[in-house]
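Single-structure report; data block below.
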Amino acid sequence: MKFFVTGTDTEIGKTTATCALISACVARGVDTIGLKPVAAGETEIDGQWVNDDVMRLMEVSNPRLSSNQVCAYQFRTPCAPELASRLEQRPIDREELLASVHKSALMAKAVFVEGVGGFCVPLTQEWTTADLAVELGYPIILTVGIKLGCINHALLTHEAIISRGLKFAGWVANEVCVEPNFLETIQTLTTRLNAPPIATIPFTEDVMRRTLNAEIDLDKFLYS
């Protein structure tokens, strides 16, 4: 059981959604891991540079993976991966990245691979996150940050997924701010995407609390 988690944009809660799904699977007794092949933006903690998303995925995964097993390419600069790669003079090697994902994916029954930024973000001049998703071929879970404008972004991203022949496994509604039309927006997207969300995540200031508060129906997609 392998899935690729993408989003309508950056900073819309892909990692929160991925952590919530991993935690729900682990609670069911399923060995589950989260991978993020490319991550940009690191913070120095106790003398070590770490990416927050990678650390969160490590914390909820079972079995526990190392930072390098979770993420093949971590960049210190918080910007688009292609730009970070050029600034730090570390090109992203497509074969190396794919090999890392496939090797780590052998370590658990359920695997969630999280993309970086939106669905079509460039990783190199010739290769995008969408291309990575196609090469992996995993069913796609779309994270939608519920806010003004998200319906258009969700429908465009869904169209991009389907046009590439990828299976749409479902979507996650993540309230990234206090949105007065939260339920109405979910209802509209349920109709337009022809599927209810597999998870809804109400907004709270505490990011970890959002993961715990997520309402998830694993049977909608995991065992179908």
Centre separation in Å (Cα based) which lies between segment 124-177 and segment 101-123: 13
Distribution of pairwise C-alpha distances over segment 96-181, 10 Å bins, in %: 15, 44, 31, 10, 1
Spatially proximal lysines relative to LYS103 (Cα-Cα < 19 Å; intrachain offsets below 8 disregarded): LYS2, LYS36
Protection-proxy order for peptides 191-204, 81-94, each taking the mean of Cβ atoms within 10 Å per residue, highest first: 191-204, 81-94
log₁₀ of I(q)/I(0) at q = 0.10, 0.12, 0.18 Å⁻¹ - segment 66-219, Debye sum with one point per alpha carbon: -0.42, -0.60, -1.25
Percent of beta bridges antiparallel (DSSP, the chain, rounded to nearest 5): 20
Kirkwood Rh, Cα atoms: Rg over Rh of segment 1-159: 0.94
Computed FRET value (nearest 0.05) for GLU126 with PHE168, which takes r as the C-beta separation and R₀ as 22 Å: 0.30
Evaluated over segment 4-45, the Cα radius of gyration and Dmax, each in Å: 12.2, 34
ARG28-ILE45 pseudo-label distance in nm [points 7 Å out on the Cα-to-Cβ vector]: 2.8
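Where a number appears in this text, it was derived from the coordinates with a stated rule and is not lab data. All of these numbers come straight from a predicted model, not from anything done at the bench. Neighbour counts are summed over all protein chains in view; Cβ atoms, including those assigned to glycine, are modelled from backbone coordinates with ideal geometry.
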